[in-house]
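Here the structure is laid out as structure tokens; the discussion comes afterwards.
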Amino acid sequence: MTRTLGTCWYPEHWPEAMWAGDAARMADLGLTWVRIGEFAWSKLEPQPGRFDWGWLDRAVDILTAAGLRVVMGTPSATPPRWMLDRHPDMLAVDAEGRPRGFGSRRHYCFSHAGYREEAARMAGHMAKRYGDRVAAWQTDNEYGCHDTVLSYSDAARDAFRDWLRHRYQTPEALNAAWGNVFWSMDYADWTEIDLPHLTVTEPNPSHALAFRRFSSDQVIRWNAAQVEAIRAHSDAPISHNYMGRVTEFDHHALGRQMEIATWDSYPLGFLLDRVPGGDRAAYLRQGDPDFQAFHHDLYRGVSPRWWVMEQQPGPVNWAPWNPAPLPGMVRLWTWEAFAHGAECVSWFRWRQFPHAQEQQHAGLRRPDDGPGHGWAEAEQVAAELHDAPDVSPVQAPVALIFDYASQWAWEVQPQGAGFDHFALAFDLYRALRSLGLSIDILPPDTANLDGYALVLVPGLLSLADPLRAAIGAAPGVVLTGPRTDLKTRDLGIPQALGPDLPGLDATSVMEETFPPDAARPLRTGGHATLWLEHLETGAEIVEATADGTPALIRAGNRAHFATWPDPLAARRILRDLAQDAGLVTHDLPKGLRLRDTGTERFVFNYAAEARAFDGEDVPPAGVLRRPRPS
Ligand code: GAL
């Protein structure tokens, strides 16, 4: 696989006289890919059925003549104003029952069949026109961004009723699965079932989780319509650009529809906006050392190929504060993505646009077309890529299972404030990274764990049969818990109490939670935080709280966390398990991270000071690329 670079370009924002110069400069910089089109609906179809393709034809001509490859985006994230006159009820509705307004983007409800057809119609027109001239497609833009998956519209309510009918067959079966006898919530007919909002106190968690599963399925159905429309006219691979810590739909299920998973990486915006446990003082201008890596590893497992579609080249505009990257970081982020297997890293955007919502968002070029903050580093990476050999993807020694449905389940029923599947998986991932390990993040229907020395299965609502069997057959060390396999898929408690873990005799007879200032010391150091399942077990008790409650149990190469360990305990426990599994671990200094490909070892320094690794100095924001140790 050849590593390539790209950018996101908006010809509709600039005078046509600039286009050829832009394309020539992109090619000179060493870019391969240019994404266009994804917000341009009002320019392409200014009035219903009246198209203006001429400008996009010319833009595609100019790019391809310069030797660049086009990723064409479908513009469904930005329905033009006239669309609302045709479909006044297409807007998503928030949990308080208010329709969302026109004047930004993503103002549609995934359940609105009329707008879904309009979006597929537009994708079909574009595919027909450009199907054999573009090298890849992108559907829509960042599903779920700006909190847009859940909608409480009439269209969503009607579709939810259909979805429930299909899933449960009869209201009686639904009542039984959800336990609706409690508080007299039984339904006699599908038309009685509303969306789970505006209730006096909490709705039934089974009802709420069903709505979350349904809402995810609506995104998948929505995307399928565009994929089908594109495939009718084009053989080019199809992608979608995912976001950081957007978990409202099942990316694994969506990714199966397409060839390429891409994502949009804004390390400084993320640190100030959404990183669990982020250290702002240490990493304000570098971004979190693990957050981008987590998403690289997650999205690599979503479709056969993966890219970074948008990468920050300077300050963004949307976080509470928007610092500039420390010199070296634009390069470091790019190499980190390549180290995790990215085929392409593409900067967002080519040139800063002096108007509208993102006028403060840096591009590779300034608004006056001078070189932006990240330009020189983009040139440096492009030059370095010239000498970098092609690489082939390789399996990591450690696997971590991530499950979107478990994220929804624990949002619906945290039981202790802060119980969050993403944050739990990320905490453990961070501990693994601090030990110098490379990780694959896998879906919950993984059926084969061969080749992994260590596998983590934290906080899974329930284990699907293929995964349970894979855990049973796994040759490596498998660590489950906390809160793994304690529920039914409908979010009830199973008749035989869980967890049901092959190779481990353990039953949780009670689960308790406690606030952060009441974390319980572990006998061997560190703390049990937030969650403690009280296990009846015949397994060895490896770690216990001060009062003797098991915190980590083990039988052979199967282990289980009964608690959410703090970073100190997580690092110690994972180091011991990794070493038992035959892995070499490192005690990396703060800010230093490793990542191995099949042939290379990368060392990244996220610290603002120099660090040492293996006798070598790594400067602040520095990257070392060495042969992979055998
Ligand atoms: C992304 C989005 C882009 C742009 C960018 C700004 O989330 O896909 O269209 O808004 O953020 O950082």
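The values are calculated or read from the model by the stated rules, or taken from the named source; none is laboratory data. Keep in mind it's a predicted model, so treat the numbers as computed, not measured. Reconstructed Cβ throughout: ideal geometry from the backbone, glycine too, with neighbour counts over all protein chains shown.
Summary of values
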item	result
Residues of the stretch 314-358 classified as farther than 20 Å from LEU5 by Cα and either more than 16 Å from the ligand (Cβ to nearest atom) or charged (D, E, K, R) (or both), total	2
Any hit, the stretch 511-531, residues being out of contact with any Cys (no Cβ under 6 Å at 6 or more places or on another chain), more than 30 Å from GLU384 (Cβ to Cβ), surrounded by fewer than 20 Cβ atoms within 10 Å (Cβ to Cβ) and of a type in the set (Phe, Trp, Tyr)	yes
Condition check for HIS386: in contact (Cβ under 8 Å) with a residue 60 or more places away in the chain, part of a helix (DSSP H, G or I) and either not aromatic (Phe, Trp, Tyr) or not assigned by TED's automatic domain parsing to the domain that holds ARG305 (or both)	yes
Filter pass, ALA156 being assigned to a loop (DSSP other than H, G, I, E, B) and either among the hydroxyl-bearing types (Ser, Thr, Tyr) or away from the ligand (no atom under 16 Å from the Cβ) (or both)	no
Matching helices (runs of 4 or more DSSP H) fully within the stretch 1-106 where at least 3 residues are away from the ligand (no atom under 16 Å from the Cβ) and within 30 Å of PRO196 (Cα to Cα)	81-86
Selection within the stretch 579-615 - free of Cβ contacts under 8 Å to residues at least 24 places away in the same chain, surrounded by 19 or more Cβ atoms within 10 Å (Cβ to Cβ) and over 25 Å from the mean Cα position of the chain (by Cα)	ARG611
Odd one out for PRO205, checked against (1) away from the ligand (no atom under 16 Å from the Cβ); (2) in contact (Cβ under 8 Å) with a residue 40 or more places away in the chain; (3) within 26 Å of ASP89 (Cα to Cα); (4) out of contact with any Lys or Arg (no Cβ under 8 Å at 6 or more places or on another chain)	(3)
Candidates ASP22, ASP89 - the one that is surrounded by fewer than 16 Cβ atoms within 10 Å (Cβ to Cβ) and acidic (Asp, Glu)	ASP89
Qualifying positions in the stretch 296-313 - within 12 Å of the chain's Cα centre (by Cα), part of a loop (DSSP other than H, G, I, E, B) and either within 12 Å of the ligand (Cβ to nearest atom) or under 15 Å from ARG245 (Cβ atoms) (or both)	VAL302
Unmet requirement for GLU142, which otherwise passes all of (1) among the acidic types (Asp, Glu); (2) under 30 Å from TRP53 (Cα atoms); (3) not assigned by TED's automatic domain parsing to the domain that holds VAL308	(3)
Considering residues of the stretch 359-372 that are touching a strand residue (DSSP E or B) at 6+ places or on another chain (Cβ under 8 Å) and either within 13 Å of the ligand (Cβ to nearest atom) or not in a strand (DSSP E or B) (or both) only, the residue farthest from TYR266 (Cα to Cα)	ASP369
Test: ALA208 is within 20 Å of GLU411 (Cα to Cα) and of a type in the set (Gly, Ala, Ser)	yes
Scope the stretch 241-286; condition within 13 Å of the ligand (Cβ to nearest atom), out of contact with any helix residue (DSSP H, G or I) (no Cβ under 8 Å at 6 or more places or on another chain) and among the small types (Gly, Ala, Ser); matching residues	GLY269
Criterion: touching a Gly at 6+ places or on another chain (Cβ under 6 Å) and at positive phi - qualifying residue of ALA581, ALA569, ALA607, ALA621	ALA621
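Residue-by-condition table, conditions (1) within 16 Å of the ligand (Cβ to nearest atom); (2) farther than 25 Å from ARG575 by Cα:
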{"site": "GLY374", "(1), (2)": "yes, yes"}
{"site": "ALA378", "(1), (2)": "no, yes"}
{"site": "LEU400", "(1), (2)": "no, no"}
{"site": "SER406", "(1), (2)": "no, yes"}
{"site": "VAL412", "(1), (2)": "no, yes"}
{"site": "ASP420", "(1), (2)": "no, no"}
{"site": "GLY436", "(1), (2)": "no, no"}
{"site": "THR446", "(1), (2)": "no, no"}
